[in-house]
Amino acid sequence: MPPAQPDLAQLLNPLRDPRDKRLPRVAGPSVLVLFGVTGDLSRKKLLPAIYDLANRGLLPPGFSLIGFARRDWADQDFRQVAYEAVKEHARTPFREDVWQQLSQGMHFVPGEFGDPGAFDALAMAVKELDESRGTGGNYAFYLSIPPSAFPQVVQQLRRSGLADHADDQWRRVVIEKPFGHDLASALELNKIVHEVFPEESIFRIDHYLGKETVQNILALRFANTMFEPIWNRSYVDHVQITMAEDIGIGGRAGYYDGIGAARDVIQNHLLQLLALTAMEEPTSFSAEAVRQEKIKILSSVRLHGDLGLSTVRGQYAAGWQGGQQVKGYLDEDGIPATSITETYAAIRLEIDSRRWAGVPFYLRTGKRLSRRATEVALQFQRAPHLPFASTDTEELGQNALVFRVQPDEGVTVRFGSKVPGTSMEVRDVNMDFAYGESFTESSPEAYERLLLDVLIGDPPLFPRQEEVELSWMILDPIEEYWAKNRRPDAYKSGGYGPESADTLMAREGRAWRRL
Ligand code: BG6
């Protein structure tokens, strides 16, 4: 008998379940350059995600990471910051050998975005890595920086030759949201990036698309037979998409004020959730096929009627949260007392298509609400006839199918069931699927998946420019209306949002799902 072949995937990643016969998607030789490496996102999400990928054996041994920022750091300082970030925020257990291997490839280049010398030093640093760690001349530039700095950085990448590559090498640029402030600025931003990078090298991050539960919307819809027949206006009464947060704006006043909840979250995360929920089946899961279907939905979204009635904006006032007294938005550090930025937004949309005509989609998001919960809920029409005494169905609501995006990830089906006893009382019950109970493997963080996809060059989970533009076209009229007509309504921290949001629903005989 021939000797048993060693399992390469297992050798690379001892954490892997040996029964798992799928080929791992492993990144090839590459360097990731992180601009804005001293920011919150980098510390809480990006650096831990890179470690988690390394720990799962998904990065090549020579993988290298360069931090670029305006700090007087040596490599050692950067490694220490990354070490603390990993210790505090990584998802997978800390392993000294993995950390050693990874941290040997970590370097820091200090500099201003406008300083040609700093970019020349960066160009030297990546070349050295190609030689010392075999990174093959493949570079991804991650711009975790304010959009106002994009033109400078992109131009410097071109000037220093960092954007040029041989045929067998690649360059990719990763752009964090916000992709502009409105349609006009998004077009401008796109022009600037396109002057240096072709569309196929641009990866726009919407981290919601990296979440397992968000991808599961497509799995549930298109891998099964029982849901799709009822996924339309004949059965669905309306759809609620909620992203509620219990946190305030924390230390992000500089970013958040003047942006607000709608630009921060609805323009990207919630409209992407809407597109995935409403779109037709794509011909395949290629980036292009999925994009085509999302585009069709985003182009048929309509704001119906009076924006004063179909939109709400709110701003959190002081209150209590988790047993602690918390400040109102206007008292947060760095927020002007006259700010009219909204921290809560709710909007009613419709989709003009045969499948969805007349079905409202209600989107809401807010900070400092009673709890953190993101979900997509399809609320079904009531049964056309109930052959029960009306007193027996008082507790029966609408059937619902709910994607629990986070926390407590899973899917809930809500339907009426007989209450045990001698009468025919019917009441709502839940049937739950929970990731934690059905799968032994835990879900990767969104940024793990997305960073790996960038390094592999796999684009389906990244919105294309057209999607970004269509999303601004939906939001721009609302923002314009708000700017002219509407101060945000105050709501108490720790509650359910402004009363006007409840009124928006009540006017149509509906109510928000309880958070
Ligand atoms: C970001 C927003 O895109 O998403 C933040 O800018 C928000 O304001 C965050 O807090 C929420 O992300 P998650 O993954 O915790 O739901």
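Please indicate, with yes or no, whether at least one residue in segment 421-443 is surrounded by 18 or more Cβ atoms within 10 Å (Cβ to Cβ), in contact (Cβ under 8 Å) with a residue 24 or more places away in the chain and under 30 Å from residue 52 (Cβ atoms). For segment 421-443, residues surrounded by 18 or more Cβ atoms within 10 Å (Cβ to Cβ), in contact (Cβ under 8 Å) with a residue 24 or more places away in the chain and under 30 Å from residue 52 (Cβ atoms): present.
Take residue 405 and decide whether it is within 16 Å of the ligand (Cβ to nearest atom), open to solvent by less than 60 Å² (accessible area, probe 1.4 Å) and among the β-branched types (Val, Ile, Thr). Spelling it out, residue 405 is indeed within 16 Å of the ligand (Cβ to nearest atom), open to solvent by less than 60 Å² (accessible area, probe 1.4 Å) and among the β-branched types (Val, Ile, Thr).
Could you check, for segment 377-396, whether at least one of its residues is out of contact with any Cys (no Cβ under 8 Å at 6 or more places or on another chain) and within 12 Å of the ligand (Cβ to nearest atom)? So far as segment 377-396 goes, no, none of its residues is out of contact with any Cys (no Cβ under 8 Å at 6 or more places or on another chain) and within 12 Å of the ligand (Cβ to nearest atom).
Residue-by-condition table, conditions (1) of a type in the set (S, T, N, Q); (2) more than 23 Å from residue 176 (Cα to Cα); (3) more than 25 Å from the chain's Cα centre (by Cα):
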| site | (1), (2), (3) |
| --- | --- |
| 262 | no, no, no |
| 276 | no, no, no |
| 280 | no, yes, no |
| 307 | no, yes, yes |
| 315 | yes, yes, no |
| 324 | yes, yes, yes |
| 330 | no, yes, yes |
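Given the condition more than 24 Å from residue 510 (Cβ to Cβ), within 16 Å of the ligand (Cβ to nearest atom) and touching a residue at least 60 places away in the same chain (Cβ under 8 Å), answer yes or no: does some residue in segment 299-310 qualify? No, the conditions are met nowhere in segment 299-310. When residue 101 is tested against the conditions (1) over 24 Å from residue 27 (Cα atoms); (2) in a helix (DSSP H, G or I); (3) open to solvent by 60 Å² or more (accessible area, probe 1.4 Å); (4) in contact (Cβ under 8 Å) with a residue 24 or more places away in the chain, the lone failure is (1).
Restricting to segment 348-362, name every residue that is in a loop (DSSP other than H, G, I, E, B) and within 22 Å of the chain's Cα centre (by Cα). Passing the criteria: none in range.
Scanning segment 444-481 for residues that are surrounded by 21 or more Cβ atoms within 10 Å (Cβ to Cβ), aromatic (Phe, Trp, Tyr) and assigned to a helix (DSSP H, G or I) yields 447, 472. Of the residues in segment 77-93, at least one is open to solvent by less than 60 Å² (accessible area, probe 1.4 Å) and in a loop (DSSP other than H, G, I, E, B).
Taking the condition at pLDDT 95 or above and open to solvent by 10 Å² or more (accessible area, probe 1.4 Å), does residue 40 pass? Answer is no for this residue. The residues on offer are 188, 199, and the sole one that is more than 16 Å from the ligand (Cβ to nearest atom), at pLDDT below 95 and open to solvent by 70 Å² or more (accessible area, probe 1.4 Å) is 188.
Contact map, segment 248-264: first residue at pLDDT 90 or above, second residue within 8 Å of the ligand (Cβ to nearest atom) and of a type in the set (Val, Ile, Thr), Cβ cut-off under 6 Å, separation 6 or more or different chains; pairs are 256/249. Among the residues of segment 148-177, count how many are touching a residue at least 12 places away in the same chain (Cβ under 8 Å) and in a helix (DSSP H, G or I). Selection size over segment 148-177: 11.
Restricting segment 233-247 to residues that are open to solvent by less than 10 Å² (accessible area, probe 1.4 Å) and more than 18 Å from the chain's Cα centre (by Cα) leaves a set whose member that is nearest to the ligand (Cβ to nearest atom) is 239. When residue 265 is tested against the conditions (1) touching a Gly at 6+ places or on another chain (Cβ under 7 Å); (2) within 11 Å of the ligand (Cβ to nearest atom), the lone failure is (1). Whether a residue is within 11 Å of the ligand (Cβ to nearest atom), of a type outside the set (D, E, K, R) and out of contact with any helix residue (DSSP H, G or I) (no Cβ under 8 Å at 6 or more places or on another chain) was assessed, and residue 230 does not pass this test. Is it the case that some residue within segment 354-370 is over 22 Å from residue 310 (Cα atoms), modelled with pLDDT of 95 or more, within 16 Å of the ligand (Cβ to nearest atom) and surrounded by fewer than 16 Cβ atoms within 10 Å (Cβ to Cβ)? No, because not a single residue in segment 354-370 is over 22 Å from residue 310 (Cα atoms), modelled with pLDDT of 95 or more, within 16 Å of the ligand (Cβ to nearest atom) and surrounded by fewer than 16 Cβ atoms within 10 Å (Cβ to Cβ).
The values are calculated or read from the model by the stated rules, or taken from the named source; none is laboratory data. Just so we're clear, the structure is a prediction, and the values are computed from it rather than from any experiment. Here Cβ is always computed from backbone atoms with ideal geometry, including for glycine, and neighbour counts include all displayed protein chains. Side chains are part of the model used for accessible areas, which takes the heavy atoms of the whole protein and leaves out ligands, DNA and RNA. Shrake-Rupley method; radii C 1.70, N 1.55, O 1.52, S 1.80 Å.
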